[in-house]
Amino acid sequence: MQILNDISAALQRGKAKDVVALVEQAINEKIPAKDILEQGMLHGMNIIGEKFKNNEVFVPEVLVAARAMNKGTAVLKPYLTAEGVKASGRVCIGTVKGDLHDIGKNLVKMMMEGKGLEVVDLGTDVAPEDFVAAAKEQNCQVICCSALLTTTMSVMGDVVKEAQKQGIRDQVKIMVGGAPVTEAFAQQIGADKYTSDAASAADAAVEFCAQLA
């Protein structure tokens, strides 16, 4: 349907006003909110995600596309609720205790939202018990931990231990990422997944949520 293609194209260009106008037009044309979300906005964000993975677009383009996505979703939300459309999963994300960097975390959050996941953003300087408490209270299938400092990486291991201590380790997947983090480190601390970029993190989270649904 042409209008859904137009929404996807406007979102990829980061044209928030156009996205909002087209979403409103699609609603007026009685197109189901689920189709507008999936075939319009999520379609556009998926293309941006793939281009980002292939270094065809960069962080600024992703940020403006995500902002356009957020504006469009705000218009669509009441209609999605009325149709009973649920997010495909729920993730909590944060930068670990002692670390105040959030650009990478924010990018991952946007990519995950662009895949149709609901993301609970815990911010920066998040203690292990706060990650686990949020996962329990919000029924999250995935905990995502970010770190940019080598000195704070070890906190990720504490998150894994805390999840074991609280008895939810078999109910949640724990993902880790950030500049100093490696696949070997992730395996060493018993995390479920390491990804090197935001788009791959979003893909992995979608897969985990589908497994745990």
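The values are calculated or read from the model by the stated rules, or taken from the named source; none is laboratory data. Everything numeric here is computed off the predicted structure, so don't read it as measured data. Counting neighbours? That spans all protein chains shown, and the Cβs are built from the backbone with ideal geometry, glycine included. These accessible areas exclude ligands, DNA and RNA; they are computed on the full protein's heavy atoms, side chains included. Shrake-Rupley method; radii C 1.70, N 1.55, O 1.52, S 1.80 Å.
Residues that are basic (Lys, Arg): find the strands (runs of 3 or more DSSP E) completely inside region 87-151 holding 1 or more of those.
90-95
With the checklist (1) part of a helix (DSSP H, G or I); (2) more than 23 Å from ASP203 (Cα to Cα); (3) out of contact with any Gly (no Cβ under 9 Å at 6 or more places or on another chain) in hand, flag the one item LYS71 doesn't pass.
(2)
Between a residue in region 16-44 that is among the small types (Gly, Ala, Ser) and any residue that is open to solvent by 80 Å² or more (accessible area, probe 1.4 Å), which pairs come within a Cβ distance under 7 Å, given they are 6 or more apart or on different chains?
ALA16/ARG67; ALA16/LYS71; ALA33/TYR79; ALA33/GLU83
For region 63-102, which positions are among the aliphatic types (A, V, I, L, M), closer than 27 Å to GLN171 by Cβ and surrounded by fewer than 17 Cβ atoms within 10 Å (Cβ to Cβ)?
ALA87
Test of understanding: among LYS105, LYS115, which residue is surrounded by 18 or more Cβ atoms within 10 Å (Cβ to Cβ) and either without any contact (Cβ under 8 Å) to a residue 24 or more places away in the chain or touching a strand residue (DSSP E or B) at 6+ places or on another chain (Cβ under 9 Å) (or both)?
Checking each option against the conditions leaves just LYS105.
Residue by residue through region 20-43, note down the ones that are more than 20 Å from the chain's Cα centre (by Cα), β-branched (Val, Ile, Thr) and either under 16 Å from ASN70 (Cβ atoms) or not in a helix (DSSP H, G or I) (or both).
Scanning region 20-43 gives VAL20, VAL23, ILE31.
Taking LYS51, is it surrounded by fewer than 19 Cβ atoms within 10 Å (Cβ to Cβ), over 26 Å from MET156 (Cα atoms) and among the basic types (Lys, Arg)?
yes
How about region 75-86: which of its residues are outside any loop (DSSP other than H, G, I, E, B) and without any contact (Cβ under 8 Å) to a residue 24 or more places away in the chain?
Of everything in region 75-86, those that are outside any loop (DSSP other than H, G, I, E, B) and without any contact (Cβ under 8 Å) to a residue 24 or more places away in the chain turn out to be LYS77, PRO78, THR81.
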